[in-house]
Amino acid sequence: MEELNLLGQLKKAKIKLWAEEGQLKFFAPKGAMTPDLKAKVRSNKAKLIALLGKSVSEVRTGISDIQPCDRQKPLAVSYPQQRMWLMEHMGQGGVHNNIPAVLKLNGSLNSENLNRALKCLVKRHESLRTVFYSSDGVPVQKILSHTAFELQLHDLTKLPQEQKKTSADELVKEQISYVFNIDEEILFRASLIKLDEDEYLLAFVKHHIISDGWSIGVLINEFSTLYNAFCGNLPDPLPSMAIQYADFAQWQRDDLSEKKISDLMGFWGPYLGDVPPVHNLPLVFPRPELQTYSASLHHLSIPDELYSKINLLSYKLNTTMFAVMQSSFALLLSLWSNEKRIVMGSPIANRTRKEVEPIIGFFVNTFVLHTEINLGDTFECLLKHNYSNLLKCYSNQDMPFDLLIDQLKTERVPSYNPLFQIMFALQDIRGNSLKLKDLNVEICRLETGGSKFDLNIQVFESDEGMSIDWEYNQNLFDEHFIGRITNSFILLLNEIVKNYQQPLSTLSYLDQSEHSALEVLCKSDTSTASNSLIHHRFEEVVKIHSDTIAVTCKGVSLTYGQLNERSNKLAHYLISQGVQPEQLVGICVSRTIYMPICILAVLKAGGAYLPLDPNTPVERFNFILGDAGIKQLLIEDDLQYLVALDGLNIVFPNQDETYAHFSKENPRLPDEKVSSSNLAYVIYTSGTTGKPKGAMVEHGNVVRLFSSCDLHFKFSSTDVWTLFHSYAFDFSVWEIWGALFYGGRLVIVPEEVARSTDLFYDLIIDEKVTVLNQTPSAFYVLAAVDSHLNKATQLRYVVFGGERLETQKLIPWVTRHGDQSPQLINMYGITETTVHATFKQITTADTDIRSNSIGVPLNDLRFYVCNEYLDQVPAGTQGELLVGGGGVTRGYHNRPELNAEKFVVNPFINDENLVGQERKLYRTGDLVRFNKQGEIDYIGRIDHQVKIRGFRIELGEIEYQLRKNSKIKDASVIVRNDNNEDNIVAYLQVADQLDNETQFISDVRYSLLQSIPEYMVPAFLVVLDVFPININGKLDTKEFPAPSLAQSNEQSYIAPDSDTERRIAQIWADELGLERVGVNDNFFELGGNSLKLVSLAVKMSQVLDKPITALMVLQNPSISQLAKAIVGQADVAKENVTKRLSQEKRKNLLKKRLRKRS
């Protein structure tokens, strides 16, 4: 351990060093504290403070209490070895677990003494001749004879010069890439490659389970000492070993008592209690289901001037180089992932006892460093806080990493490492050199091609300056991305040393090429702004298609001429009633031809319509009326029972005689009173405060929507559209005007048909629908009906919107219909940006992958992906989507504070010609990223808002309504995705004990239906005694039970059915100490851990006589899944069929016997 060696050097120089109030103090004779020693003290400051804070007996008394253990008994492995052994047995072994070293030797080499020195090392260190095997599923070590080692010799001197390098490279690669069998062979190999009479390569490779980085230094230094002694005809000069690694392993097991582990977890539990399971760096390639280890290396040199400034900064801020570089790297990861909580691993030598310093073995432990990034802080503040945490980590370093994983109950996922996937280390190799008699020695830089981590960052301080090796997983990242982020790191470091007292959000970290790429992705192609009004465009169509049918509903049809005349009469009536431009007029009608008549009439009168669905709960219905300030209400006479407000002028549009005598001509209002910036409609959506909010949309927003979509669609008068959605849902705007702007026919779908997929499918066939608009949830059901009936349709387009599309669910449809007839179009959008904002045509190729792409922005919109400070994040990084351009609406009705929060001034453009809404950006609250194709990937919601079956829902509004119930003490509402289906689930704590829980849930559901729409009512209501709280005292929604698991054990328990399932269940119950195990129970949720995983696999292999690996259990953690994986799904099915047949035979036999008796 470097800090221990450093203490030794200081002691020899008679320098006294101590820690006081978190700072280092020293007393030194004049000239004793050399610049080199001072630099080393500063580099190891945190470790020295932690070390000096321990008692003398804990650190370095020179009297060992690690005693030699009994070699006649099975030898325990250490905790780090156990982790490595588990990795090997879970399919995670390979060359990435090797520790190689290659020396280039020039001069007069004595190969006999070299071989003798290596053999002496193998004899001296038991770990170099140790193998590992399983005893009842538990790993133990076995020490072999030292004679098992042989140096491999390769003489290339006779090869032509051009072949030597190639052959030598191949031999070195073969050596360092050797895959060890840890159960059977010693885990240390060495090769000597002779290139010329005075030129050699010496290649070592050890398995990590017997060695670590410190051990490389021990091996090379002792090898140097032995070789030089033997070349001088001297005996072995090394002192005998008092203890070996196996003794340390047993001591570690004994030393880590339950109390010590509990004390250590007192720090590590809260420190890591709420960290994200996996980093959010933008991946170039999708993460494979199984972790891969193929790696490449990118070398980065830090300019000398910058290195000097970093050194000066660490000195100014009284901290260490490690703390500065680790904090800087954490900030870089935060900026490139848009994640506040950054987690990385960092190795620590873990040799806090003097007696273990000269031992070759796997001592190294791994810290999990958790850095909280607040971009409002300065770097100085970040560094101070992070440095304080580093000191605490050093003080609690005795907690083995794999034990920490088990204590935290970290979920094991086959595709990535638990707790962290990014490693960071800093090595000070200044003054390190190797001296061999009559030889010049050069340590070669290696690229092994394997890595256990997504990113492995190694920072080196050498006599030449500072450099960084970026080892990256090739299945996740490519050289281009690593080049981008390393360039960014240099820029960021330069900013940090200059502006460390400025807010982190102000630091520049992207170069001009990054900004140019973002400009290309964000910029709109053109403006489709229109001065036209919605009804004016409709009236232009009427001139051409007056006698064409415009609307059909339940056998009743209106031509364009008839629809225009009837809406004109009602418009003139509304004008006579005082309707003014910009005035909101409520509409509450059922799915009949009166719906488009009313909408057109309000628009023609200069007003804006407020659609009110007749199915809206009365309380919500009247809140919206009052909030919108409605004075005029068009409502069918049989729906007026919904109205509870006084002072309304109510008009019954279905009583035609009310306005039959008014003019059928188009109303013409003064130009100065109406323009494309006039309000067209207000649609209310769910609100975070528990009250819905009204989004105000102008005529120009709607007209330009279709102008911008003309680039992608070829709508015409031959098209037939359905009005499937509620007109209070903005998808209806697209459906209505998509038909009526192009002379097409709009089929209004009756409510009873919309609620029956079979009836709706028949309507599509019978009406020869060509343009179908559906939320994905609705279409999946429709596609299932189509698969059974498989009738010919006239569909040209199927347009998806309203919620996330899962492209893989389209495979059956595409298999039957292809991807061209009809074309499948995914369009992301929200009310505040006028229905649709993107376009993505789905191809067969898209269904083969799990694509989250929502396509490209419509050509008059600008997309920006930003962090919380509204700074653009790098292309590929996830962030909040902000939308600018012609689709951005006016804002929310009477909600100035919310408008200021959600509709912000665009900071990215300086065009003085843009005014008003054109300069606005809408903060969507959606988490997205630009992908490699320049399209937008949709990730999810940033806030508490979700979309279910196309409806935007604020979970906070549901919680608000639940908490109004006097019997409910607390409520938490989440969206669960169980069996690939999103459902709203409400978890409730009740104020008093319930007499009848079933009746209570029924009452709560009924109460919710009175105050919120049916689509917002949770699919499941689950009563819990207490809510799960994480280690930081916060509500831990991840621990909420699935609705099925929230019931009693009797209800959720499913017994094993097949013989294979029963045998597996018995083994699991025995191993985990349980009375019984159900087929759907999760191994890890039942208390299983990584060590039990291996033991379980061994026992199942023996009992079932089949090769079962720990990896199989990891990938199939329930008995049901595992049984299918072991015997094959067909075999399991066959077993169950056989069992059912035998049961039928027994039943029939019993019936025959009963008949005979009777």
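Readers should treat all values here as calculations from the given coordinates under stated rules, not as data from a laboratory. Predicted, not measured: the structure shown is a model, and the values here were computed from it. A quick note on method: Cβ atoms are made from the backbone with ideal geometry, for glycine too, and the neighbour counts reach across all protein chains shown.
Here the simple spin-label model places points 7 Å from the Cα toward Cβ, and for ASP978 and LYS259 these points are separated by 4.4 nm. Angle of helix 111-124 to the longest C-alpha principal axis of the chain, folded into 0 to 90 degrees and rounded to 10: 70°.
With contacts taken as Cα pairs under 8 Å at a separation of at least 6 residues, the range 764-842 carries a relative contact order of 29 percent. Backbone amide hydrogens, once placed in the peptide plane, bring ALA680 within less than 5 Å of VAL697, GLU698, HIS699, excluding anything fewer than 5 places away on its chain. With helices as the sole contributors, the chain gives -11000 deg cm²/dmol at 222 nm; each DSSP H run of n ≥ 4 counts as -39500 (n - 2.57), and the sum is divided by every residue.
Distance from the C-alpha centroid of the range 239-297 to that of the range 686-736: 53 Å, rounded to the whole angstrom. Here the label points at ARG116 and ILE1054, each 7 Å from Cα along the C-beta direction, are separated by 7.1 nm in the simple model.
Can you check what the net charge comes to around LEU759, using other residues whose Cβ is under 15 Å from the Cβ of LEU759 (Lys, Arg +1; Asp, Glu -1)? That works out to -3. Computed from Cα atoms, the angle from the helix 534-544 axis to the main principal axis of the chain rounds to 60 degrees. Listed peptides 783-793, 599-609, 387-397 appear in the order 599-609, 387-397, 783-793 once ranked by packing, highest mean of other Cβ atoms within 10 Å at the front.
Of the peptides 282-290, 852-860, the order by per-residue mean of other Cβ atoms within 10 Å, starting with the highest, comes out as 852-860, 282-290. Among THR34, THR157, the order by Cβ neighbours within 10 angstrom, fewest to most, reads THR157, THR34. Tally Lys/Arg at +1 and Asp/Glu at -1 over every other residue whose Cβ is under 15 Å from the Cβ of ALA660; what's the total? Surrounding charge for ALA660 is -1. Packing around the peptides 768-780, 101-113, taken as the average count of other Cβ atoms within 10 Å per residue, puts them in this order, highest first: 768-780, 101-113.
Among beta bridges identified by DSSP and lying wholly in the chain, the antiparallel ones come to about 75 percent.
Full extension of the chain segment joining SER467 with GLU170 gains 104.2 nm, where the gain is 0.36 nm per residue of separation less the Cα-Cα distance. What relative contact order, as a whole-number percentage, does the chain give when Cα pairs under 8 Å and 6 or more residues apart are counted? Relative contact order for the chain comes out at 9 percent. Between ASP70 and LYS967, full extension at 0.36 nm per residue minus the direct alpha carbon distance yields a gain of 316.4 nm. As a rough footprinting exposure proxy, the listed residues PHE760, PHE903 were ranked by other beta carbons within 10 Å of their own, and the order from fewest upward is PHE903, PHE760.
Whole-Hz Karplus values for the range 861-875 come out as 10, 10, 10, 10, 9, 10, 8, 5, 8, 6, 9, 5, 8, x, 4 Hz, taken residue by residue from phi with 6.51 cos²θ - 1.76 cosθ + 1.60 and θ = phi - 60°; glycine and proline positions read x. Extending 7 Å from Cα along the Cβ direction at SER415 and again at LYS1106 yields two label points whose distance is 2.6 nm. Computed 3J(HN,Hα) for the range 147-162, one whole-Hz value per residue from the Karplus formula 6.51 cos²θ - 1.76 cosθ + 1.60 where θ = phi - 60°, is 6, 6, 8, 9, 6, 8, 10, 9, 9, 10, 5, 8, 6, x, 4, 5, glycine and proline marked x. If you take every residue apart from LEU226 with its C-beta less than 12 Å away from the C-beta of LEU226, what net charge results, scoring Lys and Arg +1 and Asp and Glu -1? Net of charged neighbours comes to +3. Helix 479-498 and the longest principal axis of the Cα set of the chain meet at an angle near 80°. What does the C-alpha gyration tensor say about the overall shape of the chain? Classify as rounded when a/c is under 1.5, otherwise prolate if a/b is larger than b/c, or oblate. Note, shape of the chain comes out prolate.
Over 26 Å apart at the Cα level, from the set LYS316/LYS354; LYS30/LYS384; LYS38/LYS392; LYS673/LYS920, are LYS316/LYS354; LYS30/LYS384.
Report the extension gain between ASP478 and VAL520 in nm, rounded to one decimal, defined as 0.36 nm multiplied by the number of residues separating them, less their alpha carbon distance.
Between ASP478 and VAL520, full extension yields an extra 12.9 nm.
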